[in-house]
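Q: Sharing a structure, written as structure tokens. Questions coming.
Just so it is clear, none of the values below were taken in a lab; they were calculated from the coordinates. Keep in mind it's a predicted model, so treat the numbers as computed, not measured. So basically every Cβ, Gly included, is an ideal-geometry build from the backbone, and we count neighbours across all protein chains shown.
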Amino acid sequence: MCGIVGYIGTKQAAPIILDGLSKLEYRGYDSAGMAIYDGGKINITKSVGRLKVLENLTHGGETMPGICGIGHTRWATHGVPSDTNAHPHFNADETITVVHNGIIENYLHLRQMLSDKGYKFVSETDTEVLAHLLDYYYKGNPMEAVTKVLHRVEGSYALGILFADCPDQIFAARKDSPLVVGQNGDGCFIASDVPAILKYTRKVYYVDNQEVVRLRADHMHFYSVDEEEMTKEPVTIEWDANAAEKAGYEHFMLKEMYEQPKTVTDTLLPRIKGRDIVIEELNMSDEELNAINKIHIVACGSAYHAGVTGKYVIEGLARIPVEVDLASEFRYRNPILEEGAMVIVISQSGETADTLAALRESKARGFKVLGIVNVVGSSIAREADNVMYTWAGPEIAVATTKAYSAQLVALYLLAMKFGRARGKIDDKTFASLLGDLKRLPNQIEMLLNNKLKIQKFANRYIGAKDVFFIGRGIDYAISLEGSLKLKEISYIHSEAYAAGELKHGTISLIEEGTLVAAVSTQPDLYAKTISNMVEVKARGAFVLAVTCEENKEIEKAADYVIYIPETNPYFTNSLAIIPLQLFGYYVAVGKGCDVDKPRNLAKSVTVE
Ligand code: F6R
């Protein structure tokens with residue numbers, strides 16, 4: 001979604017801001033802009049399109065002198081992508097400017113109120129309301145104006161604000177939209193996400209809800225929305241800054257797929273102790289684990305798909321009923337949470353608005369929430385009662401791969417832990433499951449090394465109109481993710497269906513040559529899935545099968561087969577997803593799509 005970067009210090013601000021914004025490009029955006037104080041007034045340059053356009057307009061920032069500024073990449077919500085709607089936005093006499101991530105929910109009401117007072121609006125955005133409202137409340141004290149505005153607005157925001165009257169300061173504030181600030185010997189920074197400023201400082205402060213920061217070149221002060229000064233502890237970011245670079249790969253997505261063996265190892269190994277699984281972050285005794293009578297998994301997108309797999313694995317290994325919900329549904333459906341239930345939210349970014357709302361809804365009802373989260377210090381990580389981190393490192397490509405793989409193994413660990421505590425897994429089975437878990441990273445690597453075969457196959461489908469993914473049980477969960485990977489980056493329509501469900505309507509869409517990817521990794525369901533493959537083949541489909549090495553029988557029904565190495569049937573998702581990720585990737589590359597930044601999508605969805 002939108003990105004914010006701000007700088008005040010001793011260096012020229014514009015090149016630093018452009019550099020920071022480039023690190024946020026992966027989040028998805030459609031326009032970009034900067035506001036820089038040049039020593040006399042605030043100048044704004046902004047444009048629809050890629051950051052490159054803004055870089056060209058300002059010669060890499062050189063033509064915008066000044067040591068204090070704010071910048072923004074916008075992902076349109078209110079108003080089409082256009083130069084006018086791009087941020088920053090000014091008040092009428094161009095003395096106050098603001099960049100904003102999030103949504104001001106009562107903007108129509110505020111816009112009307114301000115229009116009645118004679119304020120003129122030039123854009124269709126909710127953000128412009130903030131610039132005029134700041135103007136309305138500004139009587140010489142910027143902090144007072146900022147806090148008065150925060151008391152008036154409803155919704156979510158991360159803000160960067162400049163006042164021409166106070167050119168030695170930047171104001172920043174946040175509610176429900178991420179914001180960090182940091183400092184080094186040259187100045188102070190604001191950013192909506194750590195990678196934007198990681199090159200300049202590793203010591204960051206996470207701004208909390210309804211906090212305001214006043215940044216000067218050499219120090220920062222934190223305030224509550226009621227202007228009380230507060231102290232905050234910095235957090236040191238441990239990531240390798242290179243982790244957010246492409247390192248010779250053509251795309252971040254390819255690099256991140258190749259990082260999966262490491263990601264899976266990093267998520268598994270610290271929690272495997274000898275012959276046991278120890279998940280300290282759970283903070284639950286075996287008795288408490290035993291007392292769980294239901295698990296609710298809540299997430300969005302691919303994280304939801306990981307949750308669907310989690311349902312099969314936890315129910316299978318621990319015999320606890322699991323309900324999986326899309327966070328956007330869960331939060332508004334008045335879910336039934338009963339005593340003994342546990343809530344698990346899954347999120348790579350830790351900032352997804354609906355998942356965060358589901359977490360808050362569960363906590364408000366008195367339930368403890370476990371977060372499976374990738375981004376350290378993110379909102380979900382900070383608000384969950386307990387956090388199990390997926391140690392995938394920064395994920396830059398919009399389409400998730402390595403974080404999804406890490407979420408899967410985190411869920412396997414939980415399933416085994418629960419199953420063990422409840423006496424549902426005997427020692428021999430547990431040892432065999434552990435062995436299979438440890439083998440996953442090498443097996444993933446083997447599958448990645450088979451990429452040429454998949455690339456060749458993918459090249460045949462760059463012109464496809466529709467693709468269907470079918471599978472039963474865990475294979476259905478894999479199909480959901482395989483289908484999403486293909487459609488989100490290649491823009492080819494695709495659907496995932498529970499294999500037995502296809503004939504209840506959707507089979508009418510199968511035509512001569514339609515590609516159907518059948519996932520079949522569950523031995524007890526091999527024969528059933530073969531029947532479904534035969535059904536679609538009889539209607540002209542070309543059938544690609546992804547299955548286990550032992551299932552040679554499938555060759556009778558499939559046109560093309562990709563085999564995955566042997567593992568426990570509960571863990572096959574981790575392997576079967578690899579060729580499907582590669583397939584989606586190579587189809588998108590073949591079509592010339594912008595793989596890392598697919599149209600209309602954002603890396604972290606901070607609006608509902
Ligand atoms: C798809 C994808 C999205 C995310 C979803 C949730 O490739 O990345 O579907 O999985 O937006 O995001 P997080 O995990 O950050 O909550």
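Q: Run through every distinct alpha carbon pair of the chain and return the Kirkwood hydrodynamic radius in angstroms, one decimal place. Walk me through the numbers before you get to the answer.
A: Working: mean 1/r = 0.0394 Å⁻¹.
Result for the chain, one decimal place: 25.4 Å.
Q: Further, regarding this structure: In nm, what is the difference between 0.36 nm times the number of residues separating Leu269 and Lys528 and their Cα-Cα distance?
A: On the way: separation 259, 0.36 × 259 = 93.24 nm, distance 3.58 nm.
Computed gain between Leu269 and Lys528 is 89.7 nm.
Q: So if I take the alpha carbon set of the stretch 432-530, get Rg, then get Rh from the Kirkwood formula, what is the Rg over Rh ratio?
A: Numbers: Rg = 15.1 Å, Rh = 15.0 Å.
Reported Rg/Rh (Cα atoms, Kirkwood Rh): 1.01.
Q: Report the paramagnetic label zone for Arg360: residues of the stretch 572-608 whose backbone N is under 15 Å from a point 7 Å from Cα along the Cα-to-Cβ axis.
A: Within reach of a label on Arg360: 606-608.
Q: Under a straight-distance cross-link criterion of Cα-Cα below 25 Å, which lysines are reachable from Lys139, leaving out those fewer than 8 residues away in the same chain?
A: Lys41, Lys117, Lys120, Lys148, Lys175
Q: Collect residues whose amide H, placed 1.01 Å from N in the peptide plane, falls under 5 Å from the amide H of Ile372; neighbours closer than 5 in sequence don't count.
A: Sorted by chain and number, the residues that satisfy this are Val345, Ile346, Ser347, Met388.
Q: Rounded to the nearest 0.05, what FRET efficiency do Met143 and Thr77 have when you use their Cβ-Cβ distance and R0 = 30 Å? Walk me through the numbers on the way to the answer.
A: Working: r = 28 Å, r/R0 = 0.93.
Plugging the Cβ-Cβ distance into 1/(1 + (r/R0)^6) gives 0.60.
Q: Then there is this: Relative to the longest principal axis of the chain, what angle (0 to 90°, nearest 10) does the C-alpha long axis of helix 127-137 take?
A: Helix 127-137 sits at roughly 30 degrees to that axis.
Q: Now, a different point. What is the stretch 416-542's relative contact order, in percent, from Cα pairs under 8 angstrom and six or more apart in sequence? Don't jump to the answer; show the numbers that get you there.
A: Values: 131 pairs, mean separation 28.7, N = 127.
Relative contact order comes out at 23 percent.
Q: Kirkwood Rh and Cα-based Rg: tell me the resulting Rg over Rh for the stretch 330-430, rounded to two decimals. Could the numbers behind the result be given before it?
A: Working: Rg = 14.8 Å, Rh = 14.6 Å.
Computed over Cα atoms, the ratio is 1.01.
Q: Grab the Cα-Cα distance for Asp93 and Glu228, subtract it from 0.36 nm times how many residues apart they are, and report the gain in nm with one decimal. Let's see the in-between values first.
A: Values: separation 135, 0.36 × 135 = 48.60 nm, distance 3.01 nm.
Working it through step by step, the gained length comes to 45.6 nm.
Q: How many percent of DSSP beta bridges within the chain run antiparallel, rounded to 5?
A: 60 percent
Q: Now for a separate question. Would you list which aspartates and glutamates come within 19 Å of Lys424, measuring only between C-alpha atoms, while excluding same-chain residues fewer than 8 positions from it?
A: Here the aspartates and glutamates satisfying the reach criterion relative to Lys424 are Asp276, Asp286, Glu287, Glu288, Glu315, Asp436.
Q: Turning to a different aspect of this structure: List the residues whose amide H sits under 5 Å from the amide H of Ile470, counting only those 5 or more places along or on another chain, with H placed 1.01 Å from N in the peptide plane.
A: Excluding prolines and chain starts, which carry no amide H, the hits are Tyr497, Ala517, Ala518, Val519.
Q: May I pose another question? State whether the stretch 440-492 is rounded, prolate or oblate according to the following rule on the C-alpha gyration tensor (a ≥ b ≥ c being the square roots of its eigenvalues): a/c under 1.5 gives rounded; otherwise a/b larger than b/c gives prolate, and the remaining case gives oblate.
A: Values: a/c = 2.25, a/b = 1.15, b/c = 1.97.
Because a/c hits 1.5 or more and a/b fails to exceed b/c, the stretch 440-492 counts as oblate.
Q: Right, another one. Any aspartates and glutamates with Cα under 15 Å of the Lys363 Cα? List them, leaving off those in the same chain fewer than 8 positions away.
A: Glu338, Glu339, Asp354, Glu383, Asp385
Q: A further question follows. Normalised by the number of residues in the stretch 178-295, what is the relative contact order in percent for Cα pairs under 8 Å and 6+ residues apart?
A: 16 percent
Q: Figure the gain on full extension for Met113 and Ser432 (residue separation times 0.36 nm, minus the Cα-Cα span) and round it to one decimal in nm. Please list the in-between numbers first.
A: Numbers: separation 319, 0.36 × 319 = 114.84 nm, distance 6.71 nm.
Result for the pair: 108.1 nm of gain on full extension.
Q: I've got another one for you. In sequence order, what are the phi-derived ³J(HN,Hα) couplings for the stretch 403-411 according to the Karplus relation 6.51 cos²θ - 1.76 cosθ + 1.60 with θ = phi - 60°, rounded to whole Hz, with x for glycine and proline?
A: For the stretch 403-411, the Karplus curve yields 5, 4, 4, 5, 4, 4, 6, 4, 5 Hz.
Q: Still on this structure, I have one more. Okay, which of the stretch 91-106 sit inside 20 Å, backbone N to the point 7 Å along the Cα-Cβ direction of Trp239?
A: Correct set: 101-102.
Q: In terms of the Cα gyration tensor, with a ≥ b ≥ c the square roots of its eigenvalues, is the stretch 57-99 rounded because a/c is under 1.5, prolate because a/b exceeds b/c, or oblate? Mind showing how you got there, number by number?
A: On the way: a/c = 2.24, a/b = 1.36, b/c = 1.64.
Oblate is the answer for the stretch 57-99, as a/c is 1.5 or above yet b/c matches or exceeds a/b.
Q: What is the distance in Å between the Cα centres of the stretch 101-122 and the stretch 54-100?
A: 19 Å
Q: For every other residue with a beta carbon closer than 11 angstrom to the beta carbon of Met253, add +1 if it is Lys or Arg and -1 if Asp or Glu, then tell me the sum.
A: On the way: positive: Lys246, Lys255, Lys402, Lys485, Lys597; negative: Glu250, Glu256, Glu259, Glu395, Glu488, Asp594, Asp596.
The answer is -2.
Q: For the stretch 253-445, rounded, prolate or oblate, judged on the Cα gyration tensor with a ≥ b ≥ c (square roots of eigenvalues), a/c < 1.5 rounded, else prolate if a/b > b/c?
A: Details: a/c = 1.80, a/b = 1.07, b/c = 1.67.
It comes out oblate by the Cα gyration axes.
Q: Using Cα-Cα distances under 8 Å and only pairs 6 or more residues apart, what relative contact order does the chain have, in percent? Write out the running numbers ahead of the final one.
A: Details: 1390 pairs, mean separation 74.4, N = 608.
It comes to 12 percent, rounded to a whole number.
Q: In degrees from 0 to 90, rounded to the nearest 10, what is the angle of the helix 474-490 Cα long axis to the longest principal axis of the chain?
A: Approximately 40 degrees, to the nearest 10.
Q: Calculate one ³J(HN,Hα) per residue across the stretch 210-220 by plugging θ = phi - 60° into the Karplus curve 6.51 cos²θ - 1.76 cosθ + 1.60, and present them in order as whole Hz with x for glycine and proline.
A: 6, 10, 10, 10, 10, 10, 10, 4, 10, 7, 10
Q: Report, in degrees rounded to the nearest 10, the 0 to 90 angle that the Cα long axis of helix 353-364 makes with the longest principal axis of the chain.
A: Computed tilt is about 80 degrees.
Q: If every alpha-carbon in the stretch 451-591 counts as one equal scatterer, what log10 I(q)/I(0) does Debye give at q = 0.10, 0.16, 0.19 1/Å?
A: -0.27, -0.73, -1.06
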